[in-house]
């Protein structure tokens, strides 16, 4: 959503990761057509992770590695 669509759709894309469950539901209920068109699985989704998703995955993997190493020390 942050890469396609007009200013409004891009701003919705910025807000979704910040929304709590109540506000996320309000976004989903209020603009389902935008989520369907521009969101995951929409016509602009190429199936490749975004840079933000790649960075989040790398951070999680690094955290998992650190947790593993902490438990391996005698």
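Only the coordinates and a few stated rules stand behind these numbers; no lab work does. Only a predicted model underlies this, so the values are computations on that prediction, with no experimental measurement involved. All Cβ positions, glycine included, derive from the backbone under ideal geometry; neighbour counts span all protein chains shown.
Report the gain in length on full extension from residue 57 to residue 7: 0.36 nm times residue separation, minus Cα-Cα distance, nm rounded to one decimal.
Additional length available on full extension: 15.3 nm.
I'd like the orientation of helix 51-72 relative to the chain: the angle between its Cα long axis and the longest Cα principal axis, in ° from 0 to 90, rounded to 10.
20
Do the sum for the chain: with -39,500 (n - 2.57) for every DSSP H run of n ≥ 4, divided by all residues, what is the mean residue ellipticity at 222 nm, to the nearest 500 deg cm²/dmol?
Taken over the chain, the calculation gives -20000 deg cm²/dmol.
Counting pairs of Cα atoms in the stretch 7-72, how many percent are more than 14 Å apart?
Tail fraction, whole percent: 69.
So, in nm, how far is label residue 48 from label residue 67 when the simple model puts each one 7 Å beyond its Cα toward the Cβ?
Inter-label distance under the simple model: 3.0 nm.
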